[in-house]
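Some notes on the structure that comes next.
Derivation of every value follows stated rules applied to the coordinates shown; laboratory data play no part. A quick note: this is a predicted structure, and the numbers were derived from the prediction, not measured. For neighbour counting, all protein chains shown are included, and Cβ atoms are generated from backbone atoms with ideal geometry for every residue, glycine included.
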Amino acid sequence: MSDDDQFADDQDMDDVSADETPSDEKSGGVRQIVVEMGDDGQRLDRWLKKYAPDLPYALVQKLMRKGQIRVDGGRVKTDTRLNAGQTVRLPPAGSGAAVGKTDTWFRPHPGDADLIRSMVIYDDGEVVALNKPAGIAVQGGMKIARHIDGLLEHLADRDGVKPKLCHRLDRDTSGVLLLARDRETAKRLGRAFEGRNIRKYYWALTAPAPQMNDGVIDAPLIKGDGPYKDMMIVDAENGKFSRTEFQVIERAGPAAAFVMFWPRTGRTHQIRVHAAEGGFPLIGDEKYGHADPEKDDARINMIHDMNLAPRLHLHAWRIVVPHPTRKGMIDVTAPLADDLRKSWKAFDFRPQIDHDPFANVEF
């Protein structure tokens, strides 16, 4: 959705090895494990978490699609129930070759469970909301060794089913991220995002401050090419319709402002591009904040002199959306992380608002 990105840190994590395994016969590195009586009737995915922790959930699904995880020689699914005496075939432990040399998967770490559970700010049994920290991608990809999707197995329900992503945020954007506990709930939330029947409010610090206290930015966006292939650019002729509303909450003179954004459409990097197009790029935006070299120097000096957080000052503060299965609305807010709180404090901005400036604006 708005301001989506799949770039992430490529931090290598230590693999976790199993403390114990049942009967295990190896053939050319391939593991042949016999299911013991104590595991009779257990779901395959839960059994794998116990006896093959080197295979994270995303990799397990890929290996099953490729037929590299089998039970008694047959193809299986994650919810397959095991019987005592059956033989589970697994690829060699830690073998990246099993899924191709170009693939990178999530690498488990002992602190993963505590990390993802600490992010949960809402859970009604059907919808989960996280306060995602900056610096971690939502989904995996090339050279992405750690991401939210890979952590979600630690939020699985009693049947071992992990929550499903409903949208994305930039790696460097913190804030509210919604998950669904089942496919139907995910579909309904997805339709809410696609139909724009949702309010997503972002907090940001900009430098300089906008000239107006509020406004609407309409600037069609399209993915760039050539030297701009990793960016979104404004293209009035070929770009997709893109609209962002903004409201200045507080000002630090003309130098900077605390601004709330409401992206009415959901284009990649939309807020960042529109803010830069409007002449008030986000503080810490290394991708879109370099239109004016003189102002760039001033922003860099500001970050250094005021000891601001050395990252993009954009936070997905609040999501309001109709509940997918019940009456009423889901209304979730994510507090600012400590590093952004320090930046807000440096300008004497309060990390709160007294009213919703968009309350009377229709969807």
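The table that follows gives values for the structure above.
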{"item": "Which listed pairs, of Lys132/Lys345; Lys132/Lys342; Lys187/Lys327; Lys77/Lys223; Lys77/Lys200; Lys132/Lys229, have C-alpha distances above 29 Å, in listed order", "result": "Lys77/Lys223; Lys77/Lys200"}
{"item": "Three-way shape label, the range 193-241, alpha-carbon gyration tensor, a/c 1.5", "result": "oblate"}
{"item": "Relative packing of peptides 327-340, 72-85 - highest average C-beta neighbours within 10 Å first", "result": "327-340, 72-85"}
{"item": "Three-way shape call for the range 322-363 based on the alpha-carbon gyration tensor, with the a/c threshold at 1.5", "result": "oblate"}
{"item": "Cα centre as origin, Lys/Arg/Asp/Glu Cβ charges: the range 205-306 dipole, Debye", "result": "360 debye"}
{"item": "Cβ-placed point charges (K, R +1; D, E -1), dipole of the range 112-194 about Cα centre in debye, nearest 20", "result": "260 debye"}
{"item": "Neighbour-count order for His154, His355, His304, His274, fewest beta carbons within 10 angstrom listed first", "result": "His355, His304, His154, His274"}
{"item": "Rounded, prolate or oblate (a/c below 1.5 giving rounded, otherwise prolate when a/b exceeds b/c) for the range 190-272 by Cα gyration tensor", "result": "oblate"}
{"item": "For Met232, residues with placed amide H under 5 Å, excluding near neighbours", "result": "Gly224"}
{"item": "DSSP beta bridges in the range 199-346 [antiparallel fraction, %, rounded to 5]", "result": "95 percent"}
{"item": "Backbone HN-Hα couplings from phi across the range 310-320 [Karplus 6.51/-1.76/1.60, Hz, Gly and Pro as x]", "result": "x, 7, 4, 8, 9, 9, 6, 7, 8, 10, 10"}
{"item": "In Hz, Karplus ³J(HN,Hα) per residue of the range 34-45 (6.51, -1.76, 1.60; θ = phi - 60°; x = Gly, Pro)", "result": "8, 6, 8, 4, x, 10, 4, x, 6, 5, 4, 5"}
{"item": "Residue exposure sequence - Leu152, Leu165, Leu282 - by fewest surrounding Cβ within 10 Å", "result": "Leu165, Leu152, Leu282"}
{"item": "5 angstrom amide H check on Arg31, placed H, neighbours 5+ away", "result": "Leu90"}
{"item": "Vicinal HN-Hα couplings computed from phi for the range 210-220 (Karplus, 6.51 cos²θ - 1.76 cosθ + 1.60; Hz; Gly/Pro x)", "result": "x, 6, 9, 6, 7, x, 10, 10, 10, 8, x"}
{"item": "Relative contact order, percent, the range 199-346 [alpha-carbon distance under 8 Å, six or more residues apart]", "result": "26 percent"}
{"item": "For Gly135, residues with placed amide H under 5 Å, excluding near neighbours", "result": "Asp172, Thr173"}
{"item": "Ranked Thr185, Thr206, criterion: other C-beta atoms within 10 Å, fewest first", "result": "Thr185, Thr206"}
{"item": "Estimated FRET transfer efficiency when R0 is 51 angstrom, pair Arg350-Arg81 (beta carbons, to 0.05)", "result": "0.40"}
{"item": "Positive-pole candidate from Phe193, Ser174, Ala129, dipole of the range 112-194, charges at beta carbon", "result": "Phe193"}
{"item": "Rg(Cα) / (2.2 N^0.38 Å) computed for the range 24-92, rounded to two decimals", "result": "0.98"}
